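Take a look at the structure below.
Readers should treat all values here as calculations from the given coordinates under stated rules, not as data from a laboratory. Bear in mind the structure is a predicted one, so any value in this text is a computation, not a measurement. Using ideal geometry, Cβ is built from the backbone for each residue, glycine included, and neighbour counts are taken over all protein chains shown.
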Amino acid sequence: MADTAGVCTACGDCCDPVWYPLGPADLRQSASTTAAEDLVFAAAHWTATGDRTEDLHAYRCDRFDAKTRLCTAHEDRPPICRAYPVLLNILPTRCTVRL
Ligand code: SF4
Ligand code: SF4
């Protein structure tokens, strides 16, 4: 079996759902006040599922294709999606991008 440690295997789990520290109201407010690319994208494309932990809120992204489990905005995705989940240290069980 190939060694996939450190390589994204495109399992899709980090986008199904997306976990993020800000709740939906804070996300929308921060997007409108800062106009930060990440937050503006998230406010436009993420919908809260209602699931949450003490520190994180779960979102469904409308650019995630549930059939292929791939991102349909791969070329246009914002910086947070390029670094996520490693940047936020939110690593799904199946994630192979472990440091
Ligand atoms: S834009 Fe793509 S990478 Fe970013 S959360 Fe949505 S599906 Fe995932
Ligand atoms: S959970 Fe990890 S391996 Fe799966 S798509 Fe996301 S970064 Fe890649």
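Here are the numbers for this structure:
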read-out	value
C-alpha long axis of helix 24-34 to longest principal axis of the chain, angle in °	70 degrees
Length-normalised contact order of the stretch 1-61 in % [C-alpha pairs under 8 Å, at least 6 apart]	40 percent
Cα pair count fraction exceeding 21 Å, expressed as % - the stretch 26-93	24 percent
12 Å beta-carbon shell around residue 81, net charge (K/R +1, D/E -1)	-1
